[in-house]
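Derivation of every value follows stated rules applied to the coordinates shown; laboratory data play no part. What you see is a predicted model, and the numbers here were worked out from it, not measured in a lab. Ideal geometry is used to build each Cβ from the backbone, glycine not excepted, and the neighbour counts take in all protein chains shown.
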Amino acid sequence: MSKNQKIIFLALLSALGIVVGLFESVIPLPVAIPGARLGLSNIVVLVAIVAIGYKEGFFIAIFKTVLLTLVTGAVSSFFFSLGGAILSSIFMILAHKYLSKYLTLIGISEIGSFFHNLGQVLVASFIMQSKAIMAYLPVLVILGIFTGFFVGLSSIYIVKNINVRNLRN
């Protein structure tokens, strides 16, 4: 894959992540949990980590977070989303690099889901200057089990249907 093709593919994945994130922001959750989302746009991040590379996956996670904040106008949630995106992408990269022979993409996604929730709660705890917000983490983690499974399963099907060897070169 040439450098230009790689840039175009990264731009397409970033755009897809933003579109999925916008779509996700209008989907009502069956349970009213403040700040909880399905995390469907993380499919794009996980696919990028696996198919293109670690740097590129991390870039898409950050870029998607920044652009979604600008597009949706949800500036108040920016630091929460950014904290979650940074932590989850780092741990998905580490899990893929060191644990991929033991875990499927579902397991890697579950790790990402947990650390995304942890990152958000840590940022909230820092902003609110209270550790009491950490009590909210188990609720988010339980929801994250289901969404992480779906993100991982979707990523498996996508990665199976793209030519990963050509993308990583």
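Computed per residue of the chain from DSSP H runs no shorter than four, each worth -39500 (n - 2.57), the mean residue ellipticity at 222 nm is -25500 deg cm²/dmol. For HIS116, neighbours were defined as the other residues whose beta-carbon sits under 12 Å from its Cβ, and their charges (Lys and Arg +1, Asp and Glu -1) total 0. All C-alpha to C-alpha distances of the chain, sorted into 10 Å bins beginning at zero, yield P(r) values of 11, 41, 35, 11, 2 percent in whole numbers. Between the exposed loop cleavage positions of the chain, defined as trypsin sites (Lys or Arg not before Pro) in a non-H, G, I, E, B DSSP state with at most 14 neighbouring beta-carbon atoms within 10 angstrom, the longest gap is 1-100. Kirkwood radius, segment 98-169, all distinct C-alpha pairs, inverse of mean reciprocal distance: 13.8 Å. Counting only complete DSSP H runs, which helices of the chain cover 15 Å or more along their long axis at the Cα atoms and score a mean Kyte-Doolittle of 1.0 or above? Helices passing the filter in the chain: 3-25, 54-72, 78-99, 105-128, 137-160.
In the elastic network of the chain, a GNM with C-alpha springs shorter than 10 Å, the most mobile of SER76, SER14, SER154 is SER76.
Cα-based values for segment 1-75, radius of gyration first and Dmax second, are 13.3, 46 Å.
Of the chymotrypsin sites (Phe, Trp or Tyr not before Pro) found in segment 28-112, the ones in coil according to DSSP and having at most 13 other Cβ atoms within 10 Å of their Cβ are TYR102.
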